[in-house]
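Derivation of every value follows stated rules applied to the coordinates shown; laboratory data play no part. Source: prediction; values computed, not measured. Cβ coordinates were reconstructed from backbone atoms using ideal geometry, including for glycine residues, and neighbour counts include every protein chain displayed.
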Amino acid sequence: MRLRKKYNYSWIAGLALLPAAFISSNPALAETGGKSSGRYFWSGDWSLTVGGDFYRQPRFTGSSKYILSAQPLISFGRTGVAERFSSRNDNISFALMDMEDFRVGLTGEFLMARGGSQADGLKDVPWGGEVGGFMEFYPTDWFRMRAELRHGIRAHKGIVGELAGDAFYDVTPAIRVSGGPRVNFASKKYLDTYYGINAEESVASGLSVYDPDGGGISSVGLGGAVTWMTTDKITTSLYAEYSNLQGKAARSSLVKERGSRNQLAVGVSATYRFDFTLD
């Protein structure tokens, strides 16, 4: 699990309309598609959903200490469009090919900085991002497989990949449960940024020097969520994501001497939807 303050949204509004129009990764039902119902491309029925995500997770990836944090959830899109499953792990996405059981497109993520107050004695990691592509496949109407491959910008210069499978089931018309396995991959440059310890950092932090000599699987885990459509406009969710660091990430002195291979994030979220019409 690569921990960061994640503002996970799926891009659902047209680029010409609102470049920052995202839908949060609340594991509720994501909206896709939608057509104009008037003379302008923005004409029609729209919804704005706002809320908050409150969670507990490690202070930084590999840490054994936990913090409480919060982030806003914002979504914007047309109403009355097709439903599509979405997971909290999904990053910002824009589909270039969107079929009933298959999607391919662009994806990206914003990464928060890691400062000295988080990992004393270690180099600061600046804020940055990752950009790349994603693919989704629905082998059945109750299971989704998703893969992402991204390249770091500013924060790191490595390559990361994520594979996830989620089964989802509507216990009632208002309650959905979902969950499944996750596997993360990372290149040497990524692992060196977040897990490597050079000689200078070793002296300052007391950790042993560590140089990951390659890439590979960085973690495996499980995630799940329960989403409740509390009312027609209010949605609440309870979720948990567990991962176990693997390979060169797990062998880092940051993890072995100061942190933990076991990484757990749990949280709750709530959103409210405002409906309106544009002429």
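The table below gives the values:
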{"read-out": "Using a Förster distance of 35 Å, the FRET efficiency for Arg273-Lys123 (Cβ separation, nearest 0.05)", "value": "0.25"}
{"read-out": "Built amide H within the under 5 Å cut-off of Trp127, gap 5+", "value": "Ala113"}
{"read-out": "Theoretical gain in end-to-end length, Ser43 to Ile175 [0.36 nm per residue, Cα-Cα removed]", "value": "44.3 nm"}
{"read-out": "Flagged links, alpha-carbon separation over 21 Å, of Lys65/Lys157; Lys123/Lys157; Lys157/Lys256", "value": "Lys65/Lys157; Lys157/Lys256"}
{"read-out": "Lys233 versus Phe102: modelled label distance in nm, points set 7 Å from Cα along the beta carbon direction", "value": "4.1"}
{"read-out": "Two-site label geometry, Lys256 and Ser69: point separation in nm, points 7 Å out along Cα→Cβ", "value": "2.7"}
{"read-out": "Where labels lie 7 Å past Cα in the beta-carbon direction, separation of Leu163 and Val131 in nm", "value": "2.7"}
{"read-out": "Region 194-235 versus region 140-162: alpha-carbon centroid distance in Å", "value": "14"}
